[in-house]
Structure formats: C-alpha cells, structure tokens
Amino acid sequence: MACLRHNWSQDRWCPYCLIEKLKREIFNLKQPTLPDMERSSKGPPDEGRQLAKEGAERATEHAEKVDPGWKKEAYSVIYGIAQQNEFLNADDVWKGAKRWGLPEPPDNRAWGSIWVRAKRAGVVEKTGRFTTTKRPVAHRMDIPIYRSLIYQEK
C-alpha cells in the first residue's frame, strides 16, 4: 500500500509512516481518535492548572517580599500599557516596566498572577494569537497576544 499522506510515489510506506506503523504494531498503540485529540488540546487537567496558579502566586509573593509594592506597580504597568494599546504582549509590558523603573522580579513567573488578575478584572483578554518574543533570555518563545478591553483611542 502506498503512503498517500506524504505523496510517496512508490508502492510501499514512506519511511516516516513505516516507523509509526511499526511502533503501533510493536507497542500495540492505538491511533489517537479525534475526541482523544480534542480532549488533550484543552490544556492540563485541573490539578495542573492549580499547581501552575500556586506557583505563580508564590513567585509573586516572593517578588512582593523582596520589593514591597511590586505587585501593585506591576499591575499598574499592564493597566497603563492596555490603556495605550489595542493589543499587547509580555514584551510590551517588560519594556514598559523597564521604562517606568519597575525592578525585575526575582522569578519571571511572578508576572503570571499579575496577568491573571488583569484578565479577571476585565483589563485584557487573550486573542488566541501568538508572537515570538524579542527578549533574548526567553529564547524566541511564543507569547500570547492580548486584546485590551480598556484601550482609549486618542
């Protein structure tokens, strides 16, 4: 049987599909069905979300201990950027924080709970789109693009 998936013109499996076929046969793996893929794409289970939330909160509280008032100032940065821009991302907030003299937190995950707070307060919402960060320390990671819900057009 020829592999139509990869337009393999010969009368046999393409190397990629052959390896996948053999893995399934040897390890008795089932091909993921559409419902399986949909279920797995909805994010981590509740326990994973809870652990992520707790970790971000711990990082934020640590930043607050090191620099009292950091949480409030960090939220103000996101709020200020959101007022001035229809769309924003973490790079914009990092630049704004630096421009306004907010020190970097001891752990960058401290920003996580600040973003969550801004989403819950109706300041921003995720667009479902991503961009590549320009910060070298983030290794070209994809970051979400947010829509400002408080943008004030000039």
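Annotation for residue 46 and residue 142: the two label points, set 7 Å from Cα along the Cα-Cβ direction, are 2.8 nm apart. Of the GluC sites (Glu not before Pro) found in the range 65-154, those in coil by DSSP whose Cβ has at most 13 other Cβ atoms within 10 Å are 86, 153. Ranking of 98, 71, 119 by neighbouring Cβ atoms within 10 Å, starting from the fewest: 98, 119, 71. How much of the calculated P(r) for the range 37-154 lies past 20 Å, in percent of all Cα pairs? The answer is 46 percent, as a whole percent.
Loop-resident chymotrypsin sites (Phe, Trp or Tyr not before Pro) (DSSP state other than H, G, I, E or B) in the range 96-137 with no more than 14 further Cβ atoms inside 10 Å of their Cβ: 100.
Here the contact order of the range 51-148, divided by its residue count and restricted to Cα pairs under 8 Å and six or more residues apart, works out to 34 percent.
Here, each number is a calculation from the coordinates, and none is a lab measurement. Everything quoted here is computed from the prediction, not taken from an experiment. Backbone-built Cβ (ideal geometry, glycine too); neighbour counts: all protein chains shown.
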